[in-house]
Structures are given as C-alpha cells and as structure tokens.
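The values are calculated or read from the model by the stated rules, or taken from the named source; none is laboratory data. What you see is a predicted model, and the numbers here were worked out from it, not measured in a lab. Counting neighbours? That spans all protein chains shown, and the Cβs are built from the backbone with ideal geometry, glycine included. Heavy atoms of the whole protein, side chains included, go into the accessibility calculation; ligands, DNA and RNA do not. Shrake-Rupley method; radii C 1.70, N 1.55, O 1.52, S 1.80 Å.
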Amino acid sequence: MLTRSMQMLGAVLLAAGLAAGAQSGPKIDACKKIDAAAVTAAASGWFSAPVTFTVNSAQGKTAGTCDYQTEAPKHIEISIYYAPDVNVRMYALGENLKPGETLVAGVGDKAVFGLDDNSGSQYKSEKLSFLKGKAVMILTLNLDRKLPTVTKEKLADFATKQLVPQL
C-alpha cells in the first residue's frame, strides 16, 4: 500500500514539474517570423521551377528553427534559425572568416555569407548569418549538388526584404 501511495505521489510531482516547465514562457517559433509564401516564391525564382515545401517548426526556449524541404525536382532544404536575444560576442560575424566566407554589406548590422561545396558530398551548403541588435538569423540552404548555387546577392536581397524587417 505504501508503495502505491509513493508511486501516485511521484506521478503527481512529475506532472506538476512538467506543468511548471511548460508555463516557464512561450517557445520561440521561427516560422511565425517568416512568410512561407515569400520563401516559396524566392526558391521558385532561384531554381527556375515551382517548388512545394514541407514546413517544419522546431521551437525552443531561446531560439527556434523553421525548415522548408522538398525532394522534387532535387533536394532543397531551406532552414531559418532565429534567436531574438543572443550574446553578440558569440556571433562575432566577420572577425575570423573561414575559407569560403565573405562579409555582406547592407544586411542587418553585420552579415557573413558562407559556401561549403564539399565535393565528396551529395549536397552543397550555403549560409547567410546576420545580426540586428541582439537578434540573430541564419539562413541555410542545403542543396542537391546538381542545383545551381544561389548567389550571395540574391540571398542578401531576400534577407533584407523578408527577414531583417521581422527581427
């Protein structure tokens, strides 16, 4: 009998702890910051073909990601990471550029474009990371190697029109 009472007490405490954790604040949903129609229109223009995405939201307490993915005609994945309040020093964009990275002017307060065209992989990756105040957004494209690379100018234009205003 005592064991059953302890199990019930444990279950009640666990439920109370989970409820308290759930009430600690709203999760950050990057998909709420992004116009899905704008992403679809931009991708359709970038790849000269209509694109239909599956959209997935990964919400978190301090940051969130919104993923757009399709397998037709080739693999296209666009991921937008958003954190509204970061330690800006952790995102010291442009201070120690890695091979394949370049500074991008006119996108937020600071921005860096990077291209990883690892020839041994089936995919290539492009990334535009930018800060505005204490907010950071990282726009990543993982593409089938046979698709054209999206120029940093096109990504910067998309970011300044669709992403920076949402920060």
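Brief remarks on what is shown
- Hull volume in cubic angstrom per residue (convex hull over the Cα atoms of the stretch 12-167): 143 Å³
- In this Cβ point-charge picture (+1 for Lys and Arg, -1 for Asp and Glu), the stretch 106-167 has a dipole of about 120 debye about its Cα centre.
- Spin-label pair Asp29/Ser57, simplified geometry with 7 Å Cα→Cβ offset, distance in nm: 0.2 nm
- Phi angles across the stretch 55-62 convert, under the Karplus curve 6.51 cos²θ - 1.76 cosθ + 1.60 with θ = phi - 60°, into 3J(HN,Hα) values of 10, 10, 10, 10, 8, x, 6, 10 Hz, Gly and Pro given as x.
- Note on the chain: with a GNM built from Cα contacts shorter than 10 Å, the maximum mean-square fluctuation among Ala63, Ala38, Ala83 falls on Ala38.
- Among the listed pairs Lys98/Lys134; Lys124/Lys146; Lys61/Lys132; Lys110/Lys152; Lys27/Lys161; Lys61/Lys127, those whose Cα-Cα separation exceeds 18 Å are Lys98/Lys134; Lys61/Lys132; Lys27/Lys161; Lys61/Lys127.
- Within the chain: Cβ-based charge dipole about Cα centre, in debye rounded to nearest 20 (Lys, Arg +1; Asp, Glu -1): 320 debye
- Rolling a 1.4 angstrom probe over the chain with all protein chains present gives an accessible area of which 56% lies on carbon and sulfur atoms.
- Ranking Leu93, Leu128, Leu103 from most to least accessible surface, computed with a 1.4 Å probe over the protein chains only, gives Leu103, Leu93, Leu128.
- Cβ-defined net charge surrounding Gly106, 15 Å radius [Lys, Arg +1; Asp, Glu -1]: +2
- About its Cα centre, the dipole of the stretch 44-117 is roughly 140 debye, where the only charges are +1 on Lys and Arg Cβ and -1 on Asp and Glu Cβ.
- The mean accessible area for residues of the stretch 65-132, using a 1.4 Å probe and ignoring ligands and nucleic acids, is 55 Å² per residue.
- On Cα atoms only, tilt of 36-46 relative to the major axis of the chain in degrees: 30 degrees
- If R0 is 45 Å, the Cβ-Cβ spacing of Ala41 and Asp117 corresponds to a FRET efficiency of close to 0.95.
- Max mean-square fluctuation residue, GNM over the chain, Cα-Cα springs under 10 Å, options Leu147, Leu139, Leu155: Leu147
- 0 to 90° range, to nearest 10: angle between helix 2-22 axis and the chain longest Cα axis: 30 degrees
- Net charge contributed by nearby residues that have their C-beta within less than 13 Å of Ala92 (K/R +1, D/E -1): 0
- Counted residue by residue at 0.36 nm each, then reduced by the alpha carbon distance between them, the extension gain from His75 to Ala49 reaches 8.1 nm.
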